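Chemist: Would you mind keeping the following structure in view while I ask a few things?
The values are calculated or read from the model by the stated rules, or taken from the named source; none is laboratory data. Since we're looking at a predicted model, the values are computed, not measured. Here Cβ is always computed from backbone atoms with ideal geometry, including for glycine, and neighbour counts include all displayed protein chains. These area figures cover heavy atoms from the full protein model, side chains too; ligands, DNA and RNA do not enter into them. Shrake-Rupley method; radii C 1.70, N 1.55, O 1.52, S 1.80 Å.
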Amino acid sequence: MVLFLFISGLLLLIAGAELLVRGASRLAAAFRISPLVIGLTVVAFGTGAPELAVSVQAAVTGQGDIAVGNVIGSNILNILLVIGLSALVLPMAVSPKLIRLDIPLLILVSLAVLFLALDGTLSRPEGFSLFVVLIIYTVFLFRQSRREYDKEDHPAEPGASGKSRLMDTGFIIAGLVMLITGSDWMVDGAVLFAEYLGVSELIIGLTVVSLGTSLPELITSLVAGFRNERNIAAGNIVGSCLFNLLGVLGVAGLITPGGLSILPSVIGFDIPVMIATAFACLPIFFTGGMISRWEGALFLAFYLAYTLYLFLAATHHDALSLFSTTMLYFVAPLTVLTLIILVMQELRNGRK
């Protein structure tokens, strides 16, 4: 039965992603909105619905560690694993607008979450503030996109009739339902198996749950890439990260009596890792406007290293000290140096 649910969930994910991307790309043209904005909002918020459902349910039932771990883990996973695998399968084009506005905003919001969490609690007013920022950001994106679209010369859309829009909206809704249902089936089995092994709630949230709830982003980005809707693919990932921090974490903090508690280990390690991954987007997105296969492999390798660290720490393994020292004093500095060299080369090529 577990195997049947897993395979059925995977099939639902793939079919749902296909419907979602097809409907979203057509609806973007019909409403004079760029595919990038559709990816940052409609697709990202839709694929982020599992994170919202899991975190809200966890917050209501008093499992705050899962709610927080799900958000932080999903953001780390979205950037390192989803971008990594997507670029490894098919190099991902990145819009300059994403680099100028949305990535810097993601970095600022990540830093703001760390600042709000320093006292160990995300209070209701703080959660409300995050949610308000999400609304402002969404309204700004749609208004700016409509103004820019109207300034450009676009041919008339033959499929922009009311019937066509209704059908595309139906594709989006059906795709989202299939994505959420498919990921839910896969997550349930994974969580039960992890609990059977005695893994803590925080580790389950940071890995198993965040991986399961990020499957819609992963499959949608892969399908969008294969359909040559690469703005939707990249926008979906960045938009999902912003939705997780502003929407999911904001709502979870807002509905939790007394505020959402955040463990010192999350403040001292997991949130800084999330911030570091957000910063890592800038130079890699900046170099040539394309995330190459080797850059995707680099992101994927760091996600595997992060996951390995979590399990070594959870089991108090003897190799933890050596692994941490190697990552901190050798791998991380070497990666930063490589990215700096790449950015300098790109700047020099730009001047030429």
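Chemist: Considering amide H positions built from the backbone, and no H for Pro or chain starts, which residues 5 or more places from Thr121, or on another chain, come under 5 Å of its amide H?
Modeler: Those lying under 5 Å, H to H, from Thr121 are Ile262.
Chemist: Quick one: which of 34-42, 65-73, 264-272, 123-131 comes out on top by average Cβ neighbours within 10 Å, and what's the full order, highest first?
Modeler: Details: 34-42: 26.6, 65-73: 29.1, 264-272: 16.3, 123-131: 17.9.
Answer by packing, highest mean first, reads 65-73, 34-42, 123-131, 264-272.
Chemist: Let me ask something else about it. Considering only protein heavy atoms and a probe of 1.4 Å, how much of the accessible area of the range 244-333 is carbon and sulfur, as a whole percent? Present the calculation step by step, with values, prior to reporting the outcome.
Modeler: Numbers: 3140 of 4100 Å².
Summing carbon and sulfur atoms, their accessible area is 77 percent of the total for the range 244-333.
Chemist: Just to confirm my numbers, what's the Cα centroid distance between the range 283-325 and the range 18-83 in Å?
Modeler: If we compute the Cα centre of each part, the gap is 22 Å.
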